[in-house]
Amino acid sequence: MNPTTLCMLAPEFIPVWGGTGSYTVELVKSLPSTMDIHVVTLKRDVGLAANNSSIDNTVDAIVKRPLKVHYLTESKETFFYNLPFQLACTAKIPLLHKKYSFDIMHSHMCQMPDVYLKLLNQLKIPTVVTIHGTIQMLRDHAIIARDLFHDLESGEESILRFYPVISQLQKLYVKRVTRFIAVSKITKTLATDHFGVDPDKISLVYNGVDVNLFREPNESELLTRYSSPKIVYVGRIISKKGIDILVNAMPETLKSFPNAQFIFVGGGNISLYKEMIKNKGIPEKNYLFTGHMGYLERAKIFREATVFVNPSFFENCSISILEAMSSGCAVVASKVGGNPELIQSGKNGLLVRPFDDKEFARAIISLLKDEHLNRIIGEEARKTVERSFSSTKCAKDTYEVYRQTIDL
């Protein structure tokens with residue numbers, strides 16, 4: 001059975017601004033060339049940093065395969081971008097299906113862009129849904145962030161406010177999904193607990209990254225990596241990602257390495273954290289907030305990073321961690337969620353207790369002090385991704401899920 005026409009619902013796509021967007025891009029790049037892929041998405045203004053090249057970050061430049069992209073709505077970066085997209089999907093996808101005859105549809109949790117299509121029973125297309133998270137998980141993390149740090153981004157506040165409605169929609173939605181993909185073992189366990197779905201309906205397919213784009217540094221890039229210490233974070237600049245923990249680890253790190261620079265890549269509460277760092281008396285030369293960075297530029301940042309950090313409260317299967325590992329970069333991450341499924345601490349990265357800024361600082365300092373250890377961990381990280389977490393492997397396993405779903 002050869003599925004020929006895929007409708008990929010993409011609440012995040014290009015420009016890439018989050019994990020679901022990275023996942024979608026990597027997947028459509030690597031699925032079999034025989035597939036006719038339609039990406040249904042929206043245009044979103046994410047305020048890309050000034051050093052981004054709009055030409056190099058076009059769909060054609062990134063995906064490099066025949067692809068039909070259907071833009072249904074436009075939005076800025078707000079919590080409410082998803083509702084107009086869901087409504088547009090409800091109206092437009094039946095028309096697209098009538099024209100192109102989709103064999104299978106691929107959607108995503110928590111965004112559920114096809115939720116009203118499912119609830120109204122408008123369309124009978126076998127559907128695979130990748131579980132990137134659940135609304136319960138988002139709610140729980142927002143509560144932790146509020147209790148510990150008292151500063152919630154507007155999207156986190158909205159999750160708490162609208163949780164009762166969204167959770168009910170989620171319960172109804174999952175009953176109408178043909179098959180699920182979980183991106184890690186912990187995600188599969190939590191989804192089973194939260195949804196009550198038969199585990200046999202959930203396939204485990206880890207996220208994957210492009211090992212050719214996210215490559216190891218060349219010799220000149222290696223010199224830069226180890227002669228000019230850079231501690232890099234890539235992700236949303238919001239409290240549930242543990243930015244407070246990283247900021248609190250900065251002074252201790254800079255005592256040992258006063259010329260080190262912390263680079264924060266991503267959008268969010270940038271002004272809040274700039275003020276927090278300023279109040280700690282940290283000089284401006286020691287930190288940089290880039291804002292959103294294009295997909296291709298991000299690969300360069302990973303090659304320059306001496307240490308990559310992820311202090312998040314929870315990760316299902318962090319694509320930014322995998323991108324750093326693929327780039328041969330030593331990673332320090334919280335021992336939470338799916339991170340232990342990616343990292344064997346001391347071998348291909350370092351895992352530390354969550355919420356512990358002192359342990360984060362010690363781990364970062366250990367990798368800055370010992371270049372040999374840093375290199376060995378980075379080399380092993382690269383091998384791990386090549387072996388188990390490439391976009392090619394992810395696409396192959398996902399294609400098999402499509403085949404099984406259509407054969408049901």
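State yes or no: is residue 326 at pLDDT 95 or above and either surrounded by fewer than 24 Cβ atoms within 10 Å (Cβ to Cβ) or over 20 Å from residue 204 (Cα atoms) (or both)? Yes, satisfied.
What residue, of 131, 144, 186, 159, is among the aliphatic types (A, V, I, L, M) and touching a Gly at 6+ places or on another chain (Cβ under 9 Å)? Full working, then the answer.
Numbers: 131 fails: touching a Gly at 6+ places or on another chain (Cβ under 9 Å); 144 fails: touching a Gly at 6+ places or on another chain (Cβ under 9 Å); 159 fails: touching a Gly at 6+ places or on another chain (Cβ under 9 Å).
The match here is 186.
The residue pairs whose first member lies in the stretch 335-359 and is acidic (Asp, Glu), whose second member is in a strand (DSSP E or B), and whose beta carbons are closer than 9 Å, counting only pairs six or more residues apart or on different chains, are 356/334; 359/352. In the stretch 289-297 there is no residue matching the filter, namely being touching a helix residue (DSSP H, G or I) at 6+ places or on another chain (Cβ under 6 Å), within 27 Å of residue 371 (Cβ to Cβ), in the same structural domain as residue 332 (by TED's automatic domain parsing) and assigned to a helix (DSSP H, G or I).
Here is a check on your reading of the model: is residue 303 under 25 Å from residue 145 (Cβ atoms), charged (D, E, K, R), part of a helix (DSSP H, G or I) and in contact with a helix residue (DSSP H, G or I) (Cβ under 8 Å, 6 or more places away or on another chain)?
On the way: under 25 Å from residue 145 (Cβ atoms): no; charged (D, E, K, R): yes; part of a helix (DSSP H, G or I): yes; in contact with a helix residue (DSSP H, G or I) (Cβ under 8 Å, 6 or more places away or on another chain): yes.
So residue 303 does not fit the description; no.
Applying the selection to the stretch 354-391, what residues are in a helix (DSSP H, G or I), surrounded by 17 or more Cβ atoms within 10 Å (Cβ to Cβ) and among the hydroxyl-bearing types (Ser, Thr, Tyr)? 384, 391, listed by residue number.
So which residues in the stretch 167-187 are touching an Asp or Glu at 6+ places or on another chain (Cβ under 8 Å) and either surrounded by fewer than 23 Cβ atoms within 10 Å (Cβ to Cβ) or not assigned by TED's automatic domain parsing to the domain that holds residue 86 (or both), if there are any at all? Reasoning before the result, please.
Applying the first criterion (touching an Asp or Glu at 6+ places or on another chain (Cβ under 8 Å)) to the stretch 167-187 yields 184-186.
Scanning the stretch 167-187 gives 185, 186.
Pick out the one residue from 288, 296, 254, 272 that is at pLDDT below 95 and under 30 Å from residue 346 (Cα atoms).
Working: 288 fails: at pLDDT below 95; 254 fails: at pLDDT below 95; 272 fails: under 30 Å from residue 346 (Cα atoms).
The match here is 296.
Might you check whether a residue that is more than 17 Å from the chain's Cα centre (by Cα) and of a type in the set (Ser, Thr, Tyr) occurs anywhere in the stretch 237-253? Yes.
Please indicate, with yes or no, whether at least one residue in the stretch 152-160 is part of a helix (DSSP H, G or I), charged (D, E, K, R) and surrounded by 15 or more Cβ atoms within 10 Å (Cβ to Cβ). Talk me through it step by step, then tell me what you get.
At the first step, the residues of the stretch 152-160 found to be part of a helix (DSSP H, G or I) are 154-160.
Checking the rest, the ones that are also charged (D, E, K, R) come to 156-157.
Still in the list and also surrounded by 15 or more Cβ atoms within 10 Å (Cβ to Cβ): 156.
Looking through the stretch 152-160, at least one residue is part of a helix (DSSP H, G or I), charged (D, E, K, R) and surrounded by 15 or more Cβ atoms within 10 Å (Cβ to Cβ).
Looking at 354, 340, which is the one that is of a type outside the set (A, V, I, L, M, F, W, C), in contact with a Ser or Thr (Cβ under 6 Å, 6 or more places away or on another chain) and assigned by TED's automatic domain parsing to the domain that holds residue 316? Talk me through it step by step, then tell me what you get.
Working: 340 fails: in contact with a Ser or Thr (Cβ under 6 Å, 6 or more places away or on another chain).
The unique qualifying residue is 354.
Among the candidates 256, 239, the residue that is outside the structural domain of residue 16 (by TED's automatic domain parsing), crowded, with 22+ Cβ neighbours inside 10 Å and small (Gly, Ala, Ser) is uniquely 239. Does residue 134 satisfy the condition of being assigned by TED's automatic domain parsing to the domain that holds residue 165, more than 19 Å from the chain's Cα centre (by Cα) and of a type outside the set (Asp, Glu)? No, not satisfied.
The values are calculated or read from the model by the stated rules, or taken from the named source; none is laboratory data. Since this is a predicted model, take the numbers as computed values, not measurements. Using ideal geometry, Cβ is built from the backbone for each residue, glycine included, and neighbour counts are taken over all protein chains shown.
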